[in-house]
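First up is the structure itself, then whatever we jot down about it.
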Amino acid sequence: MEFLYGVLAVTIIVVFYIAVSYQNDKTEVPEGCQEAYNEAQNCSACGSKNSCGIRKAIIEMKETKL
Amino acid sequence: MEYLGILFASLISSMLINNVLLSTFLGICSFLGVSKKMSNVWGMSAAVIVVMVISTAITYPLYFYVLVPLGIGYINTIAFILVIAAVVQLIEMLLKRYMEGLYRGLGVYLPLITTNCAVLGIALSVLDKNYAMDFMDALVVTLGSALGYALVIVSFSAIRIKLDSKDVPKAFKGMPIALITASLMSLAFLGLGGLI
């Protein structure tokens, strides 16, 4: 029973995350903030530039030719 | 009154003695990546403070009032990662839609915080009763940790900006001198160990 509760809890949180993430992706960055947004994403701590997001990092890895 | 004293001690301790960056080494990637410009550092610090406090305010009750009573406390790490990621996305979306000014100053740094291990690390640490005794103490410890993050990253950025105009040997330019500076700051913060 505990295992089912665990699966259910994770499923609920995953669905919530996907829904919020989808809505956030659909919401455009306000025009006046675009420059500030691009500057803020200019983090040089790791190889993944412009975002900490996994999806963008994978796209960038595919585009990068070693 | 005694309780307030304990909360104050928790705040100072988590900010200076158990500093999230220099003592527990969490959140190092944003610490090194964003500290080149002072303007970025203020926005990042504000975003970290907001996200850390909101995350703990959600994850602490979630653990003690939902996961533990259901006997599934062991999934806390997975649950917290997802909850923090969702909370960050939710805050970003709300700022984008309704508070453009606040989004420009703080919201633009939110995508960098989604995967910030300091947020997850503090959310998990405060579950330990030796670390935070109740919900209020957990929030104070979290606030102290976030303020400690801000204090250190602002100081570090100021030093890096000064170093840019100095004649640093070629082999040490850039990240090497930044890491040496961070290690010296860490040693300096060790000296605060006897404060409380």
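The values are calculated or read from the model by the stated rules, or taken from the named source; none is laboratory data. Treat the numbers as computed from the prediction; the structure is a model and nothing was measured. Heads up, the Cβs are rebuilt from the backbone with ideal geometry, glycines too, and the neighbour counts pull from every protein chain shown. Just the protein is used for accessible areas: all its heavy atoms, side chains included, with ligands, DNA and RNA removed. Shrake-Rupley method; radii C 1.70, N 1.55, O 1.52, S 1.80 Å.
For this structure, a couple of remarks:
- Accessible carbon and sulfur surface of the stretch B:18-195 relative to its total accessible area, %, 1.4 Å: 70
- For the stretch B:113-157, the equivalent ellipsoid derived from the Cα gyration tensor has semi-axes of 21, 13, 7 Å, listed largest first.
- Inter-chain neighbour count for B:94-100: the average number of beta-carbon atoms from partner chains within 10 Å of each residue's beta-carbon is 3.
- Simple spin-label estimate for A:Glu2 and A:Glu28 gives 5.1 nm between the two label positions (7 Å along the Cα-to-Cβ direction from each Cα).
- Folded to 0 to 90 degrees: helix B:2-12 orientation relative to chain B principal axis, Cα: 40
- Globularity index of the stretch B:18-195 is 1.11 (Cα radius of gyration / 2.2 N^0.38 Å, N = number of residues).
- Burial of 20 Å² or greater, the stretch B:101-148 residues [accessible area, probe 1.4 Å, versus chain by itself]: B:Tyr103, B:Arg104, B:Val108, B:Pro111, B:Leu112, B:Thr115
- Scattering from the protein assembly as shown was approximated by placing one identical point on each alpha carbon and applying the Debye formula without solvent; log10 I(q)/I(0) at 0.08, 0.10 1/Å stands at -0.35, -0.55.
- Protein heavy-atom accessible area occluded, B/A pair - total, 1.4 Å probe, Å²: 2900
- 10 Å Cβ neighbours from other chains, averaged over peptide A:13-25: 6
- Total formal charge among the other residues, if their Cβ is under 11 angstrom from that of A:Tyr37, Lys/Arg +1 and Asp/Glu -1: -3
- Among B:168-177, B:125-134, A:2-11, B:77-86, sorting by the average number of other beta carbon atoms lying within 10 angstrom of each residue, highest first, gives B:77-86, B:125-134, A:2-11, B:168-177.
- With 25 Å as the limit on Cα-Cα distance, the pairs of A:Lys26/B:Lys36; B:Lys36/B:Lys166; B:Lys36/B:Lys173 that go past it are A:Lys26/B:Lys36.
- For chain B, a Gaussian network of Cα nodes joined below 10 Å ranks B:Val50, B:Val20, B:Val88 by mean-square fluctuation, and the top entry is B:Val50.
- Directionally averaged shadow of the stretch B:1-100, computed from the convex hull of its alpha-carbon atoms, nm²: 9.2
- Each stretch of four or more DSSP H residues adds -39500 (n - 2.57); spread over every residue of chain B, this sum gives -21500 deg cm²/dmol at 222 nm.
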